[in-house]
Amino acid sequence: MNQFCEHMTFVSQTEPKIVAYAHNNWITAMHEELNQFARNEVWTLVPRTSKMNVIGTKWVFKNKLDEHGVIVRNKARLVAKGYNQEEGIDYGETYAPVARLEAVRLLLAYASMNRFKLHQMDVKSAFLNGYIDEEVYVSQPQGFEDHKHPNHVFKLKKALYGLKQAPRQWYERLSSFLLSHSYEEAKQIRHCLLRKHVLILF
Amino acid sequence: MSMMGELNYFLGLQIKQLNHGTFLSKTKYCKELLKKFNMESCKERVTPMSTNCYLDLDDKGASVDQTKFRGLIGSLLYLTAS
């Protein structure tokens, strides 16, 4: 119980609607998110010009629950307002293949037949890994504006959550990596990559 | 990238991997559905509706929350398809 109470003091119980209401725990969460941005070298600060179509950003706050419904983590995610993107300028293709349910079942059956043990992996802020081909500019995150250049905007190198091309670019990055590491795409099912005794489904 | 260990819950499927085979179950998904739509105290029925009744427009009745209803149908579709 003691441990439980101790833990509770480090997690905020409410989700703020806007940054101004955010408590200390949420500020830590926002810093964590921005650390991911720095680690992935997502963007660079550039001066704003009148020709740019600058896409707004927004903080999304979410409490993460464990299996018993207890709040265990405060998560802040910086997203782009993708609905302001213009086709042909800010994005091209947006289609991204995802695993079919049949493929999931097939994988489970195949693994069971061959006595494979399946393991699960997770990529943190996965979409921040996808490179984008278009020139996209986003506004500075609310509450974290550069005080020397408050009017500058960020030019994106990688995708952001909320951008229309984000899922496609992430798929592109992951599949090209796996294919270059001698995984082979299964002919019938997309998203099933094979290498000897390793089978990856994503 | 982080390892989440052996696969045991994926897209609503509970997966138990044993030496002689794999078990799949959707109990957890069902229970969460019931909780989400406040139906935990409901009794179970094979056919959740009387089989011989006349249906017409209920003028006085309160209209259903469309978002909630569609969410419910979608969740049930996933349950039967997965």
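The values are calculated or read from the model by the stated rules, or taken from the named source; none is laboratory data. On a predicted model such as this, the values are computed, not experimentally measured, just so you know. Cβ: placed from backbone, ideal geometry, glycine included. Neighbour counts: every protein chain shown. Ligands, DNA and RNA are excluded from the accessible area calculation, which covers all protein heavy atoms including side chains. Shrake-Rupley method; radii C 1.70, N 1.55, O 1.52, S 1.80 Å.
At-a-glance table
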quantity	calculated
Residue A:117 - accessible surface, heavy atoms, 1.4 Å probe, Å² rounded to 10	90 Å²
Within straight-line cross-link reach of residue A:51, lysines at Cα separation under 17 Å, skipping those fewer than 8 residues along the same chain	A:155
Cα centroid separation - the stretch B:20-52 against the stretch A:109-153, whole Å	35 Å
For A:106-118, mean number of other protein chain Cβ atoms within 10 Å	3
Most to least accessible of A:89, A:71 (protein chains only, probe 1.4 Å)	A:89, A:71
Accessible area in square angstrom per residue, the protein assembly as shown, 1.4 angstrom probe	70 Å²
Local electrostatic count at residue B:19 - Lys and Arg +1, Asp and Glu -1, tallied over other residues with Cβ under 12 Å	+3
Pairwise label distance in nanometres, residue A:131 with residue B:14, each label 7 Å out on the Cα-Cβ vector	4.5 nm
Gaussian network model of chain B, springs between alpha carbon atoms under 10 Å - residue of B:11, B:55, B:34 with greatest fluctuation	B:55
Within 10 Å of each Cβ in B:2-8, the average number of Cβ atoms from other chains	4
Cβ-based net charge around residue A:165, under 10 Å, with every Lys or Arg adding one and every Asp or Glu removing one	-3
Heavy atoms of residue A:170 accessible to a 1.4 Å probe, total area in Å² rounded to 10	50 Å²
Of all accessible heavy-atom area on the protein assembly as shown, the percent that carbon and sulfur account for (1.4 Å)	55 percent
Shielding by partners - mean other protein chain Cβ count within 10 Å, residues of B:22-29	2
At R0 = 45 Å, FRET efficiency that the Cβ-Cβ distance of residue A:70 and residue A:116 yields, to 0.05	0.85
19 Å cut-off, amide nitrogen to a point 7 angstrom out along residue A:123 Cα→Cβ, residues in the stretch A:28-65	A:33-43
Chains B and A together, accessible area buried on both sides, 1.4 angstrom probe, square angstrom	1900 Å²
Peptide ranges B:61-68, A:63-70, A:108-115 listed from the most packed, as the mean C-beta count within 10 angstrom indicates	A:108-115, A:63-70, B:61-68
Estimated distance in nm for a label pair at residue A:31 and residue B:50, the labels positioned 7 Å out from Cα along Cα-to-Cβ	6.4 nm
Leading residue at positive end of dipole, chain B (Cβ point charges), from B:15, B:66, B:29	B:15
Local electrostatic count, residue A:93, Cβ distance below 13 Å [Lys/Arg +1, Asp/Glu -1]	-3
